[in-house]
Amino acid sequence: MKDKDLNKAARYLIFRDKEVIINTVLFLVITFAYLLGLYKFLFADKEEDFIILMTYALYLVLG
């Protein structure tokens, strides 16, 4: 069996589970809400370097 077929089968088995889809969507919503809060509300008067640092901190914590 080719690797391409194995990749398709694995993606099908993983993403047909509703829990995986729900967790992925929740993760994306929480991440975008956090980034929106950083850029628009919380650090509106801070320098851009500080905002980039906080964004990297988010990725390190969640990764």
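Go through the range 1-18 and count every residue that is in a helix (DSSP H, G or I) and either surrounded by 10 or more Cβ atoms within 10 Å (Cβ to Cβ) or touching a His at 6+ places or on another chain (Cβ under 6 Å) (or both).
Going through the range 1-18 one residue at a time, the tally reaches 9.
Taking residue 36 as the residue in question, decide whether it is surrounded by 11 or more Cβ atoms within 10 Å (Cβ to Cβ), in a helix (DSSP H, G or I) and either modelled with pLDDT under 80 or touching a helix residue (DSSP H, G or I) at 6+ places or on another chain (Cβ under 9 Å) (or both).
Against the criterion (surrounded by 11 or more Cβ atoms within 10 Å (Cβ to Cβ), in a helix (DSSP H, G or I) and either modelled with pLDDT under 80 or touching a helix residue (DSSP H, G or I) at 6+ places or on another chain (Cβ under 9 Å) (or both)), residue 36 does not qualify.
Check whether at least one residue in the range 22-32 is of a type outside the set (S, T, N, Q), modelled with pLDDT under 85, surrounded by 10 or more Cβ atoms within 10 Å (Cβ to Cβ) and part of a helix (DSSP H, G or I), and report yes or no.
no
The values are calculated or read from the model by the stated rules, or taken from the named source; none is laboratory data. Since this is a predicted model, take the numbers as computed values, not measurements. Quick reminder, even Gly has a Cβ in these numbers, built from the backbone with ideal geometry, and neighbours come from all protein chains shown.
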